[in-house]
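Here's the structure, in C-alpha cells; my notes come after.
The values are calculated or read from the model by the stated rules, or taken from the named source; none is laboratory data. All figures in this text were calculated on a predicted structure; none of them were measured in a lab. Note that we place each Cβ from the backbone using ideal geometry, even for glycine, and neighbour counts take in every protein chain shown.
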Amino acid sequence: MDTPTEQQKINDYEARIGHWMGKQGALFQLKHATTMGSGALVRQLTGLFIKLVVVLIALAGLGYFLLPKILSGGKFESQLTSQISDVLGAEDVKVEGFTRTRSRASYGKMEFEGGDDSFFYQANFNGVKLPMGVLDGVSSETVIRSFVSDRCASEVVRG
C-alpha cells in the first residue's frame, strides 16, 4: 500500500496534470484524460460539459436579444411588404409603423393601390398583425399565412 506521503504526491501530481489538461483543447482532453484514470476522466468531462453549457447559454442569450434587432431592419420589412403586395395584386404600397416582436410583425398603417390582378381599387388597413416564428426571415424566407387588421376600408372592383 501507498503511504500517506506517497498518496499525497500522487494526488498533487494528478491535480497539476488535471489543471494543465484543463487549459488544453477539448479533443486533447478527451484523448489523454483516460491515461489518468476514470476519476480524472469524469472530472474532465464534467468540466467540458460545464463549459459547453455556459457557451450555449451565452449564445442563446445573444440570439434572444439580438435577433429582434436584426429582423427589425429595412430588408425584412420590405420582404414582408412585397409579399403582401404580391398576394393582394397591388401596384403601389405605402406603409407606416413597422415593428417586429419575437412572434409577430405589425404595421401601424398600410395603403394599397389596386392593380390589374387585384380585387380592389384602393385598400387601407390599420393595425395589421402578422403571426410568425422566431426565426422567420433568418433561416428561411418568411411565408405569410395570414394577417389580422384592426380596421379596413376599401373600394372593391365590381364584377
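Based on this model, can you work out whether Arg104 counts as within 29 Å of Leu62 (Cα to Cα) and touching a Pro at 6+ places or on another chain (Cβ under 6 Å)? So Arg104 fits the description; yes.
For Gln79, are the conditions met, namely being in the same structural domain as Val93 (by TED's automatic domain parsing) and at pLDDT 80 or above? Here the answer is yes, as Gln79 does meet what is asked. In the range 88-129, what count of residues is obtained for those that are over 16 Å from Val157 (Cβ atoms) and not in a strand (DSSP E or B)? Total meeting the criteria: 5.
Within the range 94-105, the set of residues being crowded, with 17+ Cβ neighbours inside 10 Å and either touching a Gly at 6+ places or on another chain (Cβ under 7 Å) or at pLDDT 85 or above (or both) comprises Val95, Phe98. When residues in the range 1-30 are screened for being modelled with pLDDT of 70 or more, in a helix (DSSP H, G or I) and surrounded by fewer than 13 Cβ atoms within 10 Å (Cβ to Cβ), 16 of them pass. Summed over the range 106-154, residues that are among the acidic types (Asp, Glu) and either surrounded by 11 or more Cβ atoms within 10 Å (Cβ to Cβ) or modelled with pLDDT of 85 or more (or both) total 4.
Can you pull out every residue in the range 1-20 that is under 51 Å from the mean Cα position of the chain (by Cα) and of a type in the set (A, V, I, L, M, F, W, C)? Within the range 1-20, Ile10, Ala15, Ile17, Trp20 meet the criteria. With respect to the conditions (1) surrounded by 13 or more Cβ atoms within 10 Å (Cβ to Cβ); (2) part of a strand (DSSP E or B); (3) at pLDDT 85 or above, Ser85 falls short on a single one, namely (2).
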